[in-house]
Structure formats: C-alpha cells, structure tokens
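S.K.: Before we start, here is the structure in question, set down as structure tokens.
The values are calculated or read from the model by the stated rules, or taken from the named source; none is laboratory data. Every value quoted in this text rests on a predicted model; they were computed, and no experiment measured them. Every residue, glycine as well, gets a Cβ built from its backbone with ideal geometry; the counts of neighbours run over all protein chains shown. Only protein heavy atoms, including side chains, enter the accessible area calculation; ligands, DNA and RNA are left aside. Shrake-Rupley method; radii C 1.70, N 1.55, O 1.52, S 1.80 Å.
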Amino acid sequence: MGTSGETTGSLEFRTATEADVPAVVALVESAYRGERSRAGWTTEADLLDGRRTGPDEVGAALADARGRLLLAERNGDLVACCRLSHENDSGRDRGAALFGMFAVRPDLQAAGLGRLVLAEAERVAREEWGAGRIEMQVLTPRAELIAWYERRGYARTGTTSPFPYGDERFGLPRHAGLEFETLVKRLS
C-alpha cells in the first residue's frame, strides 16, 4: 500500500503537509499527555507532564528532506500518525529508518490501527527507501509498549540514552532516572 492516498483496510495513508500541523499536534498530545490520553493504553501521563510535541517539532519534521510524516485517516478523519526519517549508512546494511512521533487516537487504541500504521512505516522504509532496519527509542519504564513492539519483531538493544531533563520541549518528568532504550527490527 502506498502513502499517497491508497487504502489499507479502512485506513488511507498520506504524507502530511503544513496544513496538517495543528491536527498532528493535537493527536500526539491526546495520545500521550493529560487526562484524555488515559482513554488509551499509550499514555505517558504518569511519567511526564507538559507537552509531548508542538508546532515547531512537527514543522521541523515536515521540513526534513530525509523524512516523512505519515498520516492515517479514516473517512477523512486523522486517526494515527508516525514520523520516519532515513539515515543512509550503506557501509553497514543499506541504512536505517528512524521511527517516532507515533500516535493513535486514544479512543481507537487496541483496535489494530497501530499495527497497520507500523506495517506501513516498515513498508515505506524497506520498499521506498531500501532501508535494512528500522530503529526507535522508547522510554524504559514503558514495559507494556516495549513488549508490544517485541511481538512485532523489534529487539531490545540494551543501548540507552538519558531523558533530556531540563528541556521542556520533551515534557516535564515526574520521576528521576528516565531513559530511552533503542529498539531495532531488520527489514530484509
């Protein structure tokens, strides 16, 4: 399935434009922050306060020539999104696609939409970019989310990086010692 309006099940995928920035920000915020996020299982509300993203980060994602902000719509309504960027490091294995800004509307989580979006992102990385692997970073306390990715073929690498404490663009931590772990999946 393509990213220019082709349908997968009842989802239509397309690449975001500047006009989509407010809707993407609202979707990502609703999936991860505040009380509304508690309607789904991906909430980070117990770990972080503050914002998850803003128009500046979404705009930067749109401006990045190495990337794509993929939207999933159902009947014209935005229901999910993710960001992909491509790092060409052909010296290793055809390069890596980096996956992030993944959000599914909270009231639609646990209905299989996330699996479809992840599969489309993997397809884009493999077929359109020729990437040999896809990587992401997940907060280490998110055991249920890490397990979800493991069931989809992602492996924990043991490589961690600290949470950017003091940078409110990433949220306001409610706990000390937060860190991200890199997960990877081979695409070939």
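S.K.: Please go through the range 150-170 and pick out each residue that is within 12 Å of Gly50 (Cβ to Cβ) and within 16 Å of the chain's Cα centre (by Cα).
M.R.: Across the range 150-170, the qualifying residue is only Phe170.
S.K.: Moving to a separate point now. Looking only at the range 42-61, how many residues end up being open to solvent by less than 60 Å² (accessible area, probe 1.4 Å), of a type in the set (D, E, K, R) and within 24 Å of Ala16 (Cα to Cα)?
M.R.: Going through the range 42-61 one residue at a time, the tally reaches 1.
S.K.: Here are Gly112, Gly100: which of them is of a type outside the set (Lys, Arg) and surrounded by 13 or more Cβ atoms within 10 Å (Cβ to Cβ)?
M.R.: Gly100
S.K.: Taking the stated definitions as given, is Ala19 without any contact (Cβ under 8 Å) to a residue 40 or more places away in the chain, open to solvent by 30 Å² or more (accessible area, probe 1.4 Å) and among the hydrophobic types (A, V, I, L, M, F, W, C)?
M.R.: Details: without any contact (Cβ under 8 Å) to a residue 40 or more places away in the chain: yes; open to solvent by 30 Å² or more (accessible area, probe 1.4 Å): yes; among the hydrophobic types (A, V, I, L, M, F, W, C): yes.
Spelling it out, Ala19 is indeed without any contact (Cβ under 8 Å) to a residue 40 or more places away in the chain, open to solvent by 30 Å² or more (accessible area, probe 1.4 Å) and among the hydrophobic types (A, V, I, L, M, F, W, C).
S.K.: Hey, can you tell me all the residues within the range 58-90 that are touching a helix residue (DSSP H, G or I) at 6+ places or on another chain (Cβ under 7 Å) and part of a helix (DSSP H, G or I)?
M.R.: Val58, Gly59, Leu62
S.K.: Among the numbered criteria (1) open to solvent by less than 40 Å² (accessible area, probe 1.4 Å); (2) among the hydroxyl-bearing types (Ser, Thr, Tyr); (3) in contact with a Gly (Cβ under 7 Å, 6 or more places away or on another chain), which one does Ser188 miss?
M.R.: So Ser188 meets the others, but not (1).
S.K.: Tally time: how many residues in the range 134-178 are farther than 17 Å from Tyr32 by Cβ, among the charged types (D, E, K, R) and either open to solvent by 70 Å² or more (accessible area, probe 1.4 Å) or touching a Pro at 6+ places or on another chain (Cβ under 8 Å) (or both)?
M.R.: Of the residues in the range 134-178, the ones farther than 17 Å from Tyr32 by Cβ are 134-135, 147, 150-162, 165-166, 176-177.
From the residues that got through so far, the ones that are among the charged types (D, E, K, R) too are 135, 150-152, 156.
Of the ones still in play, those that are also either open to solvent by 70 Å² or more (accessible area, probe 1.4 Å) or touching a Pro at 6+ places or on another chain (Cβ under 8 Å) (or both) are 150-151, 156.
Qualifying residue count, the range 134-178: 3.
S.K.: Could you pull out the residue among Thr157, Thr53 that is of a type in the set (Ser, Thr, Tyr) and modelled with pLDDT under 95?
M.R.: The match here is Thr53.
S.K.: I need the full set of residues from the range 128-149 which are more than 17 Å from Glu179 (Cα to Cα), hydrophobic (A, V, I, L, M, F, W, C) and within 16 Å of the chain's Cα centre (by Cα), in order please.
M.R.: Result: Ile134, Trp148.
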